[in-house]
Amino acid sequence: MELRFPGVELNFEGAGYLTSFALPNFYFHLSMAYAVLRHAGIKLGKPDYLGQLALV
C-alpha cells in the first residue's frame, strides 16, 4: 500500500499499515473525541466503552 502526503510517500505491507498507521490513527482520534466530549461537559467513562458485559 502506498500513501502519499505533501512531501512524503509511505509504502506499507498489510500488517505494517495496520499496526504502524491505521490503529494508532484510530486510537488518536478516538481519544481526542473523548477529550472534546468531556470538555463539553458530557460525562463519559469506562462503562460507556465496554457496553454490557456477557457474563457466563
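Each reported figure results from applying straightforward, stated rules to the coordinates on display, with no laboratory input. Everything numeric here is computed off the predicted structure, so don't read it as measured data. Reconstructed Cβ throughout: ideal geometry from the backbone, glycine too, with neighbour counts over all protein chains shown.
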Quiz item: Within region 27-46, is there a residue that is part of a helix (DSSP H, G or I) and in contact (Cβ under 8 Å) with a residue 12 or more places away in the chain?
Solution: no
Practice problem: State all residues of region 1-26 that are surrounded by 10 or more Cβ atoms within 10 Å (Cβ to Cβ), of a type in the set (Gly, Ala, Ser) and outside any helix (DSSP H, G or I); if no residue qualifies, say none. | Solution: none
